[in-house]
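The structure under discussion appears below in the form of structure tokens.
The values are calculated or read from the model by the stated rules, or taken from the named source; none is laboratory data. Please read these numbers as outputs of a predicted model, since none were measured by experiment. Please note: Cβ atoms are built from the backbone with ideal geometry, for glycine as well, and neighbour counts cover all protein chains shown.
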Protein chains: 4
Amino acid sequence: MSQSQIPVAVLGATGSVGQRFISLLDNHPWFKVVALAASDRSVGQKFSEACRWVLNDSMPDYARDMVVVPATPESVNAKIVFSALHNEIAKDLEPQFAQAGTAVCSNASSYRREEDVPLLLPEVNAEHIQLVKIQREQRGWSGCILTNPNCTSTGLTVALKALDDAFGVKKVFAVSLQALSGAGYPGVSSLDIIDNVIPNIGGEEEKVEWEPRKMLGKYIETLEPPPRARVQLADMRFSVHANRVAVIDGHTVCVSVELARPTDPETAEAILRAYSAPLSAGELPSSPRPVIQVREEADRPQPRLDRLTGKGMTTVVGRLRRDPILDLKFVVLSHNTIRGAAGGSIYNAELLVNENLL
Amino acid sequence: MSQSQIPVAVLGATGSVGQRFISLLDNHPWFKVVALAASDRSVGQKFSEACRWVLNDSMPDYARDMVVVPATPESVNAKIVFSALHNEIAKDLEPQFAQAGTAVCSNASSYRREEDVPLLLPEVNAEHIQLVKIQREQRGWSGCILTNPNCTSTGLTVALKALDDAFGVKKVFAVSLQALSGAGYPGVSSLDIIDNVIPNIGGEEEKVEWEPRKMLGKYIETLEPPPRARVQLADMRFSVHANRVAVIDGHTVCVSVELARPTDPETAEAILRAYSAPLSAGELPSSPRPVIQVREEADRPQPRLDRLTGKGMTTVVGRLRRDPILDLKFVVLSHNTIRGAAGGSIYNAELLVNENLL
Amino acid sequence: MSQSQIPVAVLGATGSVGQRFISLLDNHPWFKVVALAASDRSVGQKFSEACRWVLNDSMPDYARDMVVVPATPESVNAKIVFSALHNEIAKDLEPQFAQAGTAVCSNASSYRREEDVPLLLPEVNAEHIQLVKIQREQRGWSGCILTNPNCTSTGLTVALKALDDAFGVKKVFAVSLQALSGAGYPGVSSLDIIDNVIPNIGGEEEKVEWEPRKMLGKYIETLEPPPRARVQLADMRFSVHANRVAVIDGHTVCVSVELARPTDPETAEAILRAYSAPLSAGELPSSPRPVIQVREEADRPQPRLDRLTGKGMTTVVGRLRRDPILDLKFVVLSHNTIRGAAGGSIYNAELLVNENLL
Amino acid sequence: MSQSQIPVAVLGATGSVGQRFISLLDNHPWFKVVALAASDRSVGQKFSEACRWVLNDSMPDYARDMVVVPATPESVNAKIVFSALHNEIAKDLEPQFAQAGTAVCSNASSYRREEDVPLLLPEVNAEHIQLVKIQREQRGWSGCILTNPNCTSTGLTVALKALDDAFGVKKVFAVSLQALSGAGYPGVSSLDIIDNVIPNIGGEEEKVEWEPRKMLGKYIETLEPPPRARVQLADMRFSVHANRVAVIDGHTVCVSVELARPTDPETAEAILRAYSAPLSAGELPSSPRPVIQVREEADRPQPRLDRLTGKGMTTVVGRLRRDPILDLKFVVLSHNTIRGAAGGSIYNAELLVNENLL
């Protein structure tokens, strides 16, 4: 089977993350979308009629006339499904697909904390994908579930990975200024955010205080069964404040870190610039190019100007400076529905294919 | 002289902070505006013609027909001048007024760090106003200069004061989401902030990392001359990130603190609620009522909904919770051009009058 | 019964217009709120718990602890009910209240087009309130239904009334730039309006092309029964385009008019300034003061700066100039949830009381 | 000389329209940027240092290290210059370039009304470019000046052209909701537009009431000298209201038209869809593809979603419906800094080359 013919489907296709999947999969060199699945309300309609499209990029032609199908293994004949399902629904449906032999690349949070489910940023922890072997063995699945992290954890973890490799990260203070698209559509009411800030996002702080620890954790294989492999949570402490601001796309995070081996901002900047993805994750279709971009201007990164760096897959860092309490301060920007959601899941799927784990 | 007849003037009257002074001084029970001063470009014009009014409240009638005068002691015959001048101009002009016998209540940063100049939030450090005696003696002035802090330091310092009194504050991590009016008019270009965040405000972080230490510092009188009194900087460390967001008025600050005597969020909340201003500052016309309001909702304070609490003079605090690295996390909101600028200067002037230091 | 003791209730109290009613009725000189009614979901809860408050003004104390009741005549013991119900619900419920003897002052559109129901702007067509006598006779009600117009029709009609009286209005082109609060809460998704305009509002154009014709129509009494009175639609033609823009409160309307007796902008401006309400409507608690304000600046009215003119009850007009196709062009601004909704209904109720029709 | 080697320059390169020129000329198939010119303040600096870049697309690499030169014929050795100069400066400088043999493709309004200067939208009035022959003869220039219209006139005129060809346009009522980028950078203060509308743009209404008449006018050649050719203004009347709204890019215009031969919305829609550019203008690198897109959704076009249709060169029309006073109502959207400014000038230059008039 040629890679250009891998049949894939999108679950939750009509929502805002679903739309991003459809847009990013247009002309994908390896994947061909064969089904768009959504809730009962949409099933049987042409996608162009079922979906209120909210992206700037127009709806790809391939999707317009596809008829929406139910999100069940019986209705979706694909090797990979990209899941933009709500968490409660994902919890039920994703295992059914995995059981039926499909690889589920999920944006939902339902399985991120399971020990045998990779929580994956290929440019950070590509080797964690090996957990799918354990997953299949333990659960008796021929398919699998791969997850990508919360959209705020994403850029933060990429930047921390580079610093952790070089200096050892001990403590992380992070305050997010998050985009509206992270709440889905219709999501945040305009009356709540014009001329305003909402200083809380339900459940977000807990996720961002935990998920990076798994992704930055060590992958350990043991000889004795079972299980033969696991991820040891990184020994770091996080304190997070999450805020919603009037930005369409692009999460900005203000970060202060304490390092095991303190350094100066210039050295840290050089380390961030030089960071590259693990070998297996560096030359995939969705690999960020570069993985990290460091901006030198005093007032960057900014979401409107920088979110599409590297087609929205690059993590943009700026304002590296000394922190008066910990060691370093900086700002991280990442596109929340591309790198932080749909683009991330697609990148995960590419790694799965590349590792011959499909 | 009856208090209702104290003649006052506004310097820099046409700018956005100048306008706020004019609005807040309308029908003030003690002060009567006798002069509006601005730059040469405006001098000689009626105020209503010289000024592009940007506040929601309409221009007070008393100001409309006043003719703008130069910002010099010769042209301004007032006991108190409220200074909304730019820092460089303030640096030159304010001492001329103090020398000429006028009390200068300044919103400029030029003299905040001078040892004999009070940096004042009456509900926090009313006794620091006694420094004006030293100031007059040392500088030979019959007038004086009083300053109010940077608008982001303001609400933060009020909240920290209550916590410091009760538990001792050691370290403060603060990330601001600041309103546009803080940059003056025209200030921030709309092209820079619609669908965007600017993750830097020049000079702001340094101010907020230092100013609270002076305001929370101990006022010490010594018997030996000179000087006989000074403020000892508080022994706290601050790390600040400053951001500009698309909000008209109201600075939101995410804060994490380390305490000398750790406590739980409920106790801290009770302490914040119970905080009251020093006796001399509690019953003035501009005294915040209450000094601190604690919101219990999970997503408050919000700038659009809460900035006018206590006529814009109250500090609003919410989301008290444990911090995984330090001790407590919370959110502070303060109206940046009322409590954080014009209203603060007027409150300072009222304290000066009340302490018989005019 | 003293006027200060007229018991009133709000139906649909938790929505955005309901909240505005509650806010405007705080300390009303004639009315006392005795019940807050809402949907089943809220019934039995304290109002402060049932309602997500979205106004800048904080929730009045009187409302906080009131227990929400069902919106039925049995549960609501008031002489007047203010209806912020959705149209379909209003259609069923409002007649039940009228039947039960209550005066319903409604913001819903359900009964605006009924021949015996006044569509009322007291400063425009106070005498139309006499239709309630016909309504009572025909329907056998001891109560009645009074309606206020669509929020975009409101300011437009006030301005047209002054011009029609003086010059005769023949044709009206009107393009609205409408605020978000007009769509209720949650209403418009932030993703649909940040950095955007929505060039349509369902059903709005038809309303604004018809409602002013009724309000500007002639009230005719006939001796022969039945009916003995009716309103003859004004002989004017309207063309309306409706747009939603990123404004919290305040509808801006660009208007061009053709007059039966053409005039110049200066004369029209003088006529607008001089316009006063009919005698019976001029001195009520909610009477706009002034009815119309004409701004002379080249770039006013603006919603953020002018919407609260006359406590949000005044119609603000600006940019009077010649129209190259018709006769005059101008801009009208009116606060859509005060004059255009809750404030308008309260004003209607005051007129009812004043005319001894309660 | 191969077309790929035509040397061009940008005058006013650091402003927002100048930046758009630089972005659109990146990898242009015919033109090569050889100079970036700006005001004295920037001369001698590297472009990346002289310019505060405000576009979402990042600064093209070719421009980063170019040294900014003065905007004089001596300093700029190009066959074509794209002028993003302010009108007063353009008035002086553009003739100097034309005199020196350079073709000036100008976005400034200074020469739009000159009888021998083409005001050009190639998809509308390509033949008007022949006026440059008269211009050269009359003024003794070897170069020339070509102008593109005001950004609000642009989309409006494209839509009117299709309707005028088919039905004859008599009267046009147009109300604009214009984007912020039309005011340049820094342009509109954020304090003036967040939660607001500005119902006036200086000089704009006059331009939009006149410019379409020239572009839709008839090109007439006469045998008797001089001049041998001229444009007869179209016999149409326009009434325009101009508004600024909180949108980054994309002007929305609500239009009502009276036709000489009235038609129904469906027929008009078909005519708009079928409209194609004149032969000489249809296959150029910047030709809009399609010229006009008609959206069928009830709430489109919207600036955020539709402004980049056809790479920002397409005119998007929607909401075709009957007008109760004139004949048809509809909404037009056009990207103001691409089709309405820089992209338009480049398209004009391509037509000049294609017509062998360079």
From the options A:270, A:277, A:281, A:229, residue that is away from every other protein chain (no Cβ under 14 Å), free of Cβ contacts under 8 Å to residues at least 24 places away in the same chain and of a type in the set (A, V, I, L, M)
A:270
Answer residue from segment B:250-267, given it is within 9 Å of chain A (Cβ to nearest Cβ) and within 19 Å of residue A:247 (Cβ to Cβ) and is nearest to the chain's Cα centre (by Cα) among those
B:250
I'd like to know if segment A:246-254 contains one or more residues that are over 19 Å from residue A:332 (Cβ atoms) and among the acidic types (Asp, Glu).
no
Within segment D:187-202, identify whether any single residue is free of Cβ contacts under 8 Å to residues at least 24 places away in the same chain, under 20 Å from residue C:329 (Cα atoms) and part of a loop (DSSP other than H, G, I, E, B), and answer yes or no.
yes
Residue count, segment D:139-164 (criterion: over 20 Å from residue D:293 (Cα atoms), surrounded by 24 or more Cβ atoms within 10 Å (Cβ to Cβ) and hydrophobic (A, V, I, L, M, F, W, C)):
3
Check residue B:345 against each of (1) of a type in the set (Gly, Ala, Ser); (2) under 21 Å from residue B:164 (Cα atoms); (3) part of a helix (DSSP H, G or I) and name the one condition it does not meet.
(2)
Within segment C:294-341, considering residues that are at positive phi and of a type in the set (D, E, K, R), the one farthest from the other protein chains (Cβ to nearest Cβ)
C:311
Out of B:224, B:206, B:211, report the one residue that is charged (D, E, K, R), over 30 Å from residue A:306 (Cα atoms), more than 14 Å from chain D (Cβ to nearest Cβ) and free of Cβ contacts under 8 Å to residues at least 12 places away in the same chain.
B:224
Residues that are surrounded by fewer than 22 Cβ atoms within 10 Å (Cβ to Cβ): which helices (runs of 4 or more DSSP H) entirely in segment D:1-78 hold 3 or more of them?
D:47-50, D:61-64
Could you say which residue among B:82, B:97 is of a type in the set (Phe, Trp, Tyr), assigned by TED's automatic domain parsing to the domain that holds residue B:9, on the phi < 0 side of the Ramachandran plot and part of a helix (DSSP H, G or I)?
B:97
For the list (1) assigned to a loop (DSSP other than H, G, I, E, B); (2) in contact with a Leu (Cβ under 6 Å, 6 or more places away or on another chain); (3) more than 14 Å from chain A (Cβ to nearest Cβ), I need the number of the one condition that residue C:109 fails.
(2)
Considering each of C:49, C:94 in turn, give the residue that is modelled with pLDDT under 95 and charged (D, E, K, R).
C:49
Out of B:156, B:146, B:119, which single residue is in contact with an Asp or Glu (Cβ under 7 Å, 6 or more places away or on another chain) and at pLDDT 95 or above?
B:119
Would you check which residues across segment B:134-186 are of a type outside the set (A, V, I, L, M, F, W, C), assigned to a helix (DSSP H, G or I) and out of contact with any Leu (no Cβ under 8 Å at 6 or more places or on another chain) and list them?
B:135, B:136, B:137, B:138, B:139, B:152, B:153, B:165, B:182
Any residue in segment A:148-172 that is on the phi < 0 side of the Ramachandran plot sitting within a Cβ distance under 6 Å of a residue that is acidic (Asp, Glu) and outside any loop (DSSP other than H, G, I, E, B)? List the pairs, counting only those 6 or more apart or interchain.
A:149/A:211; A:150/A:211; A:153/A:211; A:170/A:258; A:171/A:258
If we scan segment D:298-305, do we find a residue that is under 25 Å from residue A:304 (Cβ atoms) and of a type in the set (Asp, Glu)?
yes
With the requirement that a residue be within 21 Å of the chain's Cα centre (by Cα) and farther than 16 Å from residue A:349 by Cα, what does segment A:24-37 give you?
A:36, A:37
Filter segment A:219-247 for residues that are part of a strand (DSSP E or B) and of a type in the set (Gly, Ala, Ser); the one that is surrounded by the fewest Cβ atoms within 10 Å (Cβ to Cβ) is A:229
Would you mind finding the one in C:167, C:173 that is closer than 27 Å to residue C:259 by Cβ, of a type in the set (A, V, I, L, M, F, W, C) and surrounded by fewer than 24 Cβ atoms within 10 Å (Cβ to Cβ)?
C:167
